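**Student:** After the structure tokens below, expect a handful of questions from me.
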Amino acid sequence: MNPREKKEILNNLTEKEFRQDLIIPLLSKMGYMAPIEYHGTTEKGKDIICIEYDRLNEQRFLAIVAKTGDLTGNVAKGSGLMTIVSQVQQAFDNPYEDLYNMRQVFINEVWVMTNGKIVSGAQESVINTLRKTNLDKQIRIIGDDRLIQLIDKHFSTYWNSNLETKESVIIQRDRLISFIEGLLFSNNVDKSTIESVKSSILYSSFNPRISTNIEGLHIASVSPYSVELAKIDAEFDDYIVSKTYGITNQIFQEAKKNLRYSFFDIDDIIEHADKISKLTNPWEFVVQTQKNLEGDYPFHRPYGRGADFMDNIGYLEEGLTELKRFKAFLKHKGRLEWAKELSNSIAKLLPEIEKIVDNNKEDKLVINFVIKNHKSVIIEYDNNNPQICFSLKYKRMDVGGYDRTKDGSLKPTKIMEMALSKFRDYVEKTLDYSEDKWLD
């Protein structure tokens with residue numbers, strides 16, 4: 001069953017079916033205890049309540065706010081995520097009457113779950129609102145895509161339907177038998193044994209027996225596309241328990257499983273980053289980054305590639321703001337297209353600059369620039385030409401110098417970039433540009 005078909009099943013659920021037939025059994029299969037429906041006039045934001053135990057064997061209470069349909073950013077509608085914020089805050093503020101222990105307890109975590117999608121931008125606005133009260137770390141917002149992942153992982157039989165045709169059941173059976181055959185073959189089981197196992201599974205009334213400890217062999221990870229078998233070193237493959245975590249083999253397997261599943265938590269971040277990377281407008285690139293990535297891992301860290309990227313965003317934002325003002329000034333003066341044309345002509349001088357750098361044998365290098373016919377900037381080789389607009393002067397070799405190669409020679413690209421900067425200075429001086437005066 002493909003994701004589109006699964007979304008159709010979810011979209012056809014009523015609120016009652018969504019709570020009772022899907023969320024409650026899903027929570028049970030995820031390991032949460034005693035999930036009960038709390039929906040009604042006294043719910044105080046809590047549709048479903050359940051319990052889990054932490055590593056200290058203390059109870060933690062999870063509340064579910066269940067909604068059907070798409071969740072939007074519209075504050076005027078019941079389907080708006082901002083409206084749900086009040087329910088979430090009620091869930092935290094109002095104690096839950098724990099009937100099992102005859103006491104009042106407060107909620108530790110809240111999930112907002114919907115069978116629809118979360119409209120772009122809505123989740124970010126809610127998280128920003130919750131961040132002001134430090135509730136953003138205790139909230140999970142789960143739309144149809146993430147919900148399908150959870151169902152596939154913990155409650156895959158939910159997708160089975162009485163409407164399945166005989167042909168589809170046969171296809172499913174053959175695929176599973178083929179998988180079992182491949183699993184046995186990859187572990188060097190002989191062909192006759194494989195055929196015997198397949199026959200037994202298909203026609204025997206007895207379920208195959210499973211041994212949980214075959215010389216340290218265990219399943220390291222499982223996905224819809226693969227099962228990975230691995231071993232634990234014999235030194236740790238025993239049942240002498242640790243007072244900290246219990247059985248080593250089990251915690252080792254759990255750690256590997258959670259390592260793989262931890263990538264689910266960054267799916268949204270990766271999706272946002274992928275969309276942002278395809279943007280062609282630098283302004284929109286900055287805005288969308290600040291809106292969708294700035295507070296997430298790894299971009300909130302003070303170091304690393306994520307931090308370098310956010311530094312780029314800061315430079316971009318500052319530079320684009322400054323450039324916007326300057327271009328507005330040029331447009332006001334009727335010189336914007338003129339400045340663009342001349343700047344582009346400087347960039348085209350790179351091959352000529354490369355030749356100059358390669359052929360220069362003097363200790364010092366001087367490159368002069370003039371404007372030809374008001375249409376292009378060219379290199380002037382006569383140092384005495386009175387029409388020279390600006391010049392660049394360099395030592396031919398400077399080991400350890402700024403923006404040099406390892407041997408100290410000049411980089412033609414850096415010369416071209418400096419020429420563009422000098423041209424900007426020339427334009428500002430020629431047109432008497434002052435950013436402060438222009439802003440005034």
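The values are calculated or read from the model by the stated rules, or taken from the named source; none is laboratory data. Since the structure is predicted, the reported quantities are computational estimates derived from the model, not experimental observations. Because the Cβ atoms are built from the backbone with ideal geometry, glycine has one as well, and the counts that use them run over all protein chains shown.
**Student:** What residue, among those in region 134-165 that are modelled with pLDDT of 75 or more and of a type in the set (S, T, Y), is surrounded by the fewest Cβ atoms within 10 Å (Cβ to Cβ)?
**Tutor:** For region 134-165, the residue satisfying everything is T157.
**Student:** Right, here's the next one. Hey, any hits in region 250-272 for a residue that's farther than 28 Å from Y297 by Cα, loosely packed, with under 10 Cβ neighbours inside 10 Å and modelled with pLDDT of 65 or more? Break it down stepwise before answering.
**Tutor:** So the first thing to find is which residues in region 250-272 are farther than 28 Å from Y297 by Cα, and the list is 250.
Filter once more, so that each one left must be loosely packed, with under 10 Cβ neighbours inside 10 Å: none.
No - not one qualifying residue is present in region 250-272.
Conditions (1) in contact with a strand residue (DSSP E or B) (Cβ under 9 Å, 6 or more places away or on another chain); (2) outside the structural domain of G306 (by TED's automatic domain parsing); (3) assigned to a strand (DSSP E or B), marked per residue:
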site: Y239; (1), (2), (3): no, yes, no
site: Q253; (1), (2), (3): yes, yes, no
site: F285; (1), (2), (3): no, no, no
site: T289; (1), (2), (3): no, no, no
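**Student:** Test K406 against the stated conditions and say whether it is assigned to a strand (DSSP E or B) and loosely packed, with under 11 Cβ neighbours inside 10 Å.
**Tutor:** Details: assigned to a strand (DSSP E or B): no; loosely packed, with under 11 Cβ neighbours inside 10 Å: yes.
Criteria not met by K406.
**Student:** Going through S168, S186, S199 one at a time, which residue ends up being modelled with pLDDT of 60 or more, under 36 Å from the mean Cα position of the chain (by Cα) and farther than 30 Å from I251 by Cβ? Before you say what the answer is, go through the steps one by one.
**Tutor:** Numbers: S186 fails: farther than 30 Å from I251 by Cβ; S199 fails: under 36 Å from the mean Cα position of the chain (by Cα).
The conditions single out S168.
**Student:** Checking the structure you have, find out if any residue of region 349-364 is loosely packed, with under 11 Cβ neighbours inside 10 Å and closer than 30 Å to K333 by Cβ.
**Tutor:** No, region 349-364 has no match at all.
**Student:** Now for a separate question. Residues P224, P208: which one is within 28 Å of the chain's Cα centre (by Cα), loosely packed, with under 12 Cβ neighbours inside 10 Å and at pLDDT below 80? Break it down stepwise before answering.
**Tutor:** Values: P208 fails: within 28 Å of the chain's Cα centre (by Cα).
So the residue among P224, P208 that is within 28 Å of the chain's Cα centre (by Cα), loosely packed, with under 12 Cβ neighbours inside 10 Å and at pLDDT below 80 is P224.
**Student:** Let me ask something else. Mind checking which residues of region 180-204 are of a type in the set (A, V, I, L, M, F, W, C) and surrounded by 12 or more Cβ atoms within 10 Å (Cβ to Cβ)? Before the answer, list the steps.
**Tutor:** Going residue by residue through region 180-204, those that are of a type in the set (A, V, I, L, M, F, W, C) are 180, 183-185, 189, 194, 197, 201-202.
Selection gives I180, L183, L184, F185, V189, I194, V197, I201.
**Student:** Residue under question is V112, and the condition is that it be modelled with pLDDT of 85 or more, closer than 21 Å to N134 by Cα and under 27 Å from the mean Cα position of the chain (by Cα); does it hold?
**Tutor:** Values: modelled with pLDDT of 85 or more: yes; closer than 21 Å to N134 by Cα: yes; under 27 Å from the mean Cα position of the chain (by Cα): yes.
Spelling it out, V112 is indeed modelled with pLDDT of 85 or more, closer than 21 Å to N134 by Cα and under 27 Å from the mean Cα position of the chain (by Cα).
**Student:** Conditions first: (1) part of a helix (DSSP H, G or I); (2) in the same structural domain as L184 (by TED's automatic domain parsing); (3) at pLDDT 85 or above. T244 passes all but one, so which condition is the exception?
**Tutor:** Unmet for T244, out of (1) part of a helix (DSSP H, G or I); (2) in the same structural domain as L184 (by TED's automatic domain parsing); (3) at pLDDT 85 or above: (1).
**Student:** Only residues in region 401-418 that are over 19 Å from N368 (Cβ atoms) count as the first member; pair them with residues that are among the β-branched types (V, I, T), Cβ under 8 angstrom, at least 6 apart or cross-chain, and list the lot.
**Tutor:** Partner pairs satisfying both residue conditions: D407/V399; G408/V399; S409/V357; K411/T405.
**Student:** Exactly one condition in (1) in contact with a Lys or Arg (Cβ under 9 Å, 6 or more places away or on another chain); (2) surrounded by 14 or more Cβ atoms within 10 Å (Cβ to Cβ); (3) in a loop (DSSP other than H, G, I, E, B) is false for W338; which is it?
**Tutor:** Result: W338 passes all but (3).
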